[in-house]
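Engineer: One structure coming up, written as structure tokens, with questions to follow.
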Amino acid sequence: MLFKILFPALFLTGVYFLIKSIGWIMQVYAGPKIEFPARTADNIIKIDKPGDYEIAYKRPSLTGVIPSNYALTLFRNADQQEVNVVGSVNLLGMRKDLSGNRIVPVASFSIDQPGTYTLRAIESESFKVGDKLLITAKTGAKGFLAIFAILISAIALIAGLVLSILAWMNKL
């Protein structure tokens, strides 16, 4: 009799946390994005709030090498002060969007005041037509934790459902 209560509770808990974790991953990756072609030299961007940001390389293909031999510089337009851009290709932070584009973080920067900035990208011969640079708020480990939460809650949902069916059929 205990299993007929315990396993459906596990199933309902899995459903609840799966919905919550999907909402959490949507909040992590659905923030404001600034996107522009990678082949343009100067891009003027407007950033509304201070914080940590990442520059990601967006390529519309599933295969191919992500270019790493380029230089990015960022200047605040108000006083032409250069913002430190740290280049580091993060293949573990790679993700795909619904169109099948690969998005790989390649640099990060931190700003202390909102405003208009100019991003200069020295073009690499590896840039292809259709490649884009994408500026988003830095997600850090939040994205990994959200995916991990989805996996754990999905396992709880499936295990609760299967064990509930077996318990109600008196097979346990």
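Engineer: Within the range 104-125, identify whether any single residue is within 19 Å of residue 29 (Cβ to Cβ), outside any loop (DSSP other than H, G, I, E, B), at pLDDT below 90 and of a type in the set (Val, Ile, Thr), and answer yes or no.
Structural biologist: The answer is yes; a qualifying residue exists.
Engineer: Follow-up. I'd like to check something: does the range 30-49 contain any residue that is small (Gly, Ala, Ser) and assigned to a helix (DSSP H, G or I)?
Structural biologist: The answer is no, given that none of the residues of the range 30-49 is small (Gly, Ala, Ser) and assigned to a helix (DSSP H, G or I).
Engineer: Same structure again: What about residue 144, is it modelled with pLDDT under 85, under 20 Å from the mean Cα position of the chain (by Cα) and among the aromatic types (Phe, Trp, Tyr)?
Structural biologist: yes
Engineer: Here is a follow-up. In the range 31-60, what count of residues is obtained for those that are out of contact with any strand residue (DSSP E or B) (no Cβ under 7 Å at 6 or more places or on another chain) and at pLDDT below 85?
Structural biologist: Number of matching residues: 4.
Engineer: Okay, next question. Just to be sure before I move on: is residue 57 closer than 24 Å to residue 141 by Cβ, in contact with a Phe, Trp or Tyr (Cβ under 6 Å, 6 or more places away or on another chain) and surrounded by 15 or more Cβ atoms within 10 Å (Cβ to Cβ) in the structure I sent?
Structural biologist: no
Engineer: If you go through the range 127-138 one residue at a time, do you hit one that is more than 25 Å from residue 57 (Cβ to Cβ) and modelled with pLDDT of 85 or more?
Structural biologist: Within the range 127-138, none of the residues are more than 25 Å from residue 57 (Cβ to Cβ) and modelled with pLDDT of 85 or more.
Engineer: Mind counting the residues in the range 88-103 that are part of a strand (DSSP E or B) and at pLDDT below 85?
Structural biologist: Qualifying residue count, the range 88-103: 2.
Engineer: Against the conditions (1) within 22 Å of the chain's Cα centre (by Cα); (2) surrounded by 15 or more Cβ atoms within 10 Å (Cβ to Cβ); (3) not charged (D, E, K, R), where does residue 99 fall short? Just the number, please.
Structural biologist: Against the list (1) within 22 Å of the chain's Cα centre (by Cα); (2) surrounded by 15 or more Cβ atoms within 10 Å (Cβ to Cβ); (3) not charged (D, E, K, R), residue 99 comes up short only on (2).
Engineer: Another question, then. What pairs come up if the first residue lies in the range 160-172 and is farther than 8 Å from residue 7 by Cβ, the second is outside any loop (DSSP other than H, G, I, E, B) and β-branched (Val, Ile, Thr), and their beta carbons are under 9 Å apart, counting only those six or more places apart or on different chains?
Structural biologist: Close Cβ pairs satisfying both conditions: 171/165.
Engineer: Just for the range 26-65: of the residues that are hydrophobic (A, V, I, L, M, F, W, C) and over 14 Å from the mean Cα position of the chain (by Cα), which one is farthest from residue 113 (Cα to Cα)?
Structural biologist: Only one residue fits best here, namely 62.
The values are calculated or read from the model by the stated rules, or taken from the named source; none is laboratory data. These numbers come from a predicted model, not from an experiment. Please note: Cβ atoms are built from the backbone with ideal geometry, for glycine as well, and neighbour counts cover all protein chains shown.
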